[in-house]
1. So which aspartates and glutamates can LYS113 reach, going by Cα to Cα under 18 Å and dropping same-chain residues fewer than 8 places off?
2. Going Cα to Cα from LYS160, which aspartates and glutamates come in below 13 Å? Please leave out same-chain ones fewer than 8 positions away.
3. Which GluC sites (Glu not before Pro) from the stretch 1-79 combine a DSSP loop assignment with at most 11 other Cβ atoms within 10 Å?
4. Counting only C-alpha contacts under 8 Å and six or more residues apart, can you give the relative contact order of the chain as a whole percent?
5. Classify the chain as rounded, prolate or oblate from the Cα gyration tensor: take a ≥ b ≥ c as the square roots of its eigenvalues, call it rounded if a/c is under 1.5, otherwise prolate when a/b beats b/c and oblate if not.
6. Lys/Arg Cβ at +1, Asp/Glu Cβ at -1, dipole of the stretch 33-171 taken about the Cα centre: which of ILE61, TYR100, CYS133 is farthest positive-ward?
7. If ligands, DNA and RNA are left out, what is the accessible area of ARG87 with a 1.4 Å probe, given in Å² to the nearest 10?
8. LYS70: accessible area at probe 1.4 Å, nearest 10 Å²?
Amino acid sequence: MTIKPLIILPDPVLRQVSKPIERVDADLQRLSDDMLETMYDAPGIGLAAIQIGVPRRMLVIDLSKEGEEKQPLVFINPEIVSSSEDRSVYEEGCLSIPDYYAEVERPAKVTVKYLDREGKEQSVEADGLLATCLQHEIDHLNGVLFIDHISRLKREMVIKKFTKAAKSKAL
Ligand code: GNR
Ligand code: NI
């Protein structure tokens, strides 16, 4: 397993729309292992493949707490098939936008259809943090970032700050 470098704002790779996965094979399982290792190392509670530069529709999540047994979840070709009317607000962050946090309102519950790590069709009714995290990660597969759900003024400030930081690091 390998820890991969994370793609950081304003890299245009983050705006790519990821393509469906056609075959769940050993290569894909290796990619999911690398994504989990990269997520645990960061540390984060979720990661989409595009965040390590792979434009494929796969994401990983682990909401277990420190010291608890790990609960790695792999979602391949996930699709939101229904969303609740009621909303909830969470303070979100993103490994591709380090050290920036903002409140985002989203549907409180979602039902997501997906393939698991073995390629078997599954469906989950998620609420709480899992619902928020699944929506945040599925947004990544569509080139959408959590800052797209905040005010334009705040979003432009964040993008400006990260653009400056990237320029000062470039050689
Ligand atoms: O680690 C993460 N924490 C988090 C907190 C609130 C809502 C969403 C997230 S996902 C984020 C990791 C990440 O960037 N996934 O794409
Ligand atoms: Ni993110």
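The values are calculated or read from the model by the stated rules, or taken from the named source; none is laboratory data. All values derive from a computational prediction rather than experimental measurement. As a convention, Cβ positions derive from the backbone with ideal geometry for all residues, glycine included, and neighbour counts pool all protein chains shown. When the accessible area is computed, the model is the full protein with side chains, heavy atoms only, and any ligands, DNA or RNA have been set aside. Shrake-Rupley method; radii C 1.70, N 1.55, O 1.52, S 1.80 Å.
1. Cα-Cα hits under 18 Å: GLU22, ASP62, GLU79, GLU121, GLU125, ASP127, GLU137, ASP139.
2. ASP11
3. GLU22, GLU66, GLU68, GLU69
4. Rounded, it is 23 percent for the chain.
5. Verdict is oblate for the chain.
6. The residue sitting farthest along the positive end of the dipole is TYR100.
7. Result for ARG87: roughly 130 Å² accessible.
8. 120 Å²
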